[in-house]
1. Specify the angular offset, from 0 to 90 degrees and rounded to the nearest 10, of the alpha carbon long axis of helix 80-97 from the longest principal axis of the alpha carbons in the chain.
2. Assuming R0 = 45 Å, what is the FRET efficiency of Ser133 and Asp330, from their Cβ-Cβ distance, to the nearest 0.05?
3. So, with a 1.4 angstrom probe, what is the percent of accessible area on the range 87-178 that is carbon and sulfur?
4. Please list the equivalent ellipsoid semi-axes of the range 123-203, computed as the square roots of five times the alpha-carbon gyration tensor eigenvalues, in descending order and whole angstrom.
5. How would you rank 305-311, 121-127, highest first, on the average number of other Cβ atoms within 10 Å across their residues?
6. Please work out the Kirkwood hydrodynamic radius for the chain, using every pair of different C-alpha atoms, and report it in angstroms with one decimal place.
7. For the range 273-402, just say rounded, prolate or oblate: build the C-alpha gyration tensor, square-root its eigenvalues into a ≥ b ≥ c, call rounded for a/c under 1.5, and beyond that prolate if a/b exceeds b/c, oblate if not.
8. If contacts are Cα pairs under 8 angstrom and at least 6 residues apart, what is the relative contact order of the chain in percent?
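The values are calculated or read from the model by the stated rules, or taken from the named source; none is laboratory data. No experiment lies behind these values; they were computed from the predicted model shown. Don't worry about glycine lacking a Cβ; one is built from the backbone with ideal geometry, like all the others, and counts go over all protein chains shown. In case anyone asks, the SASA skips ligands and DNA or RNA and just uses the protein heavy atoms, side chains included. Shrake-Rupley method; radii C 1.70, N 1.55, O 1.52, S 1.80 Å.
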Amino acid sequence: MRKVLLMAVLTVFAMSANAKTAKDSTKVSKNKPVFTILKENPITSIKDQNKSGTCWDYSTLSFFESEILKNSGKTYDLSEMYVANKTYMDRAIMSVRMHGDVSFSEGGSSYDPLYCIEHYGIVPETAMPAPGSLYGDSLANFGEFFSVMTPYVDAIAKGKETKLTPAWKSGLQGILDAYLGKCPSKFTYQGKSYTPQTFAASLGLNWNDYVSFTSYTHHPFWTAFTVEVQDNWRWPMSYNIPMDDITRIIDNAINKGYTVAWGGDVTEEGFTRSGLALAFDVKKVRSMAGTDADHWFKLSKDEKKEKLDSLGVNAPEITPTQEMRQEAYDDWETTDDHGMHIYGIAKDQNGKEYYMVKNSWGKYGDYKGTWYMSKNYISYKTMDFMVNKNAVPSDIRKKLGI
């Protein structure tokens with residue numbers, strides 16, 4: 001009897017649990033995005049930067065791989081570790097030259113791979129050791145690597161010597177080669193012999209075709225300036241355009257078959273780990289979640305995120321303005337912390353449009369490595385972006401003389 005009673009109780013509990021699950025799933029399905037692709041351009045396979053601050057490297061090489069696909073129909077896998085090896089040496093030299101006033105770190109910008117290709121060439125993935133393989137890992141892991149390299153560079157850059165010898169560069173090159181692999185001067189690819197320079201030339205791209213854009217009011221519009229963030233350490237110039245032209249250029253590029261190398265902020269509450277990015281209007285979200293301001297601020301970060309994420313595509317968004325962009329940049333709310341690759345446009349069941357964005361975190365999230373980022377989010381949180389100048393609307397090109 002007790003066994004029968006126990007089974008009955010368990011059955012009721014199970015039914016109750018199932019009823020709650022069904023109710024929750026209805027709520028989730030109502031808010032869960034249902035995307036219709038409007039335009040999708042070819043990209044190469046999803047990569048995983050793992051525990052390395054190389055998003056700038058992965059996203060920009062992915063962008064160039066799509067440029068090659070568009071230009072020739074050929075698929076390449078370019079070596080991120082080759083670019084990292086060359087770039088970290090250059091960044092160390094800059095840091096030493098500036099006595100440490102230029103930071104030495106893992107980050108970078110989309111200009112760094114372009115500079116590397118123009119000055120040192122490029123190699124395919126197979127011409128370098130696989131990321132992580134030299135220290136027994138299956139993917140890049142820069143923890144020990146930078147723990148060794150950063151103090152080395154700082155000791156030279158901030159040392160008390162009155163004159164430096166070239167020996168420090170040889171020592172640093174040894175560290176780079178030990179963790180990333182030695183950059184080849186010659187290699188064979190698909191039966192042909194190349195140098196990094198001749199391989200870069202064989203890809204069929206004009207490296208002068210690539211331009212960068214940003215949008216801030218502390219410099220005049222329709223001029224070029226260096227975006228003042230630490231990882232923009234080579235000081236390349238970006239064209240300064242009004243905010244509305246950010247999405248105008250990106251839309252034009254995507255619809256003409258081009259893609260975009262994007263840099264911006266992904267630390268916002270609206271950038272979910274499931275694959276969605278929205279420019280949350282937090283005040284309205286609090287109201288929709290039935291939470292007043294006092295209660296909201298007492299919630300943990302995870303609790304806030306759970307409430308925000310549960311609203312899905314029905315979460316209210318702000319409408320960003322030029323003033324909001326500038327304020328968020330000036331007060332450090334907008335940070336330059338991630339590079340990604342925009343390759344398509346989609347809309348959700350409410351008609352809202354999003355950019356399809358390739359990430360470098362492996363096949364992570366609901367969309368296996370792709371993020372759907374609303375146009376409001378991109379307008380608000382873009383730091384800068386690189387695109388083929390032929391993808392820019394003709395009136396903007398004319399105005400800028402490009």
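1. Tilt of helix 80-97: around 70 degrees.
2. Numbers: r = 43 Å, r/R0 = 0.96.
The formula returns an efficiency of 0.55 here.
3. Within the range 87-178, the accessible surface is 55 percent carbon and sulfur.
4. Numbers: eigenvalues 181, 67, 14 Å².
Square roots of five times the eigenvalues give 30, 18, 9 Å.
5. Values: 305-311: 16.7, 121-127: 19.3.
So the order, starting with the most tightly packed, is 121-127, 305-311.
6. Details: mean 1/r = 0.0429 Å⁻¹.
Mean inverse Cα-Cα distance, inverted, gives 23.3 Å.
7. Working: a/c = 2.04, a/b = 1.56, b/c = 1.31.
Cα axes put the range 273-402 in the prolate bin.
8. Numbers: 671 pairs, mean separation 95.0, N = 402.
In percent, rounded to a whole number, it is 24.
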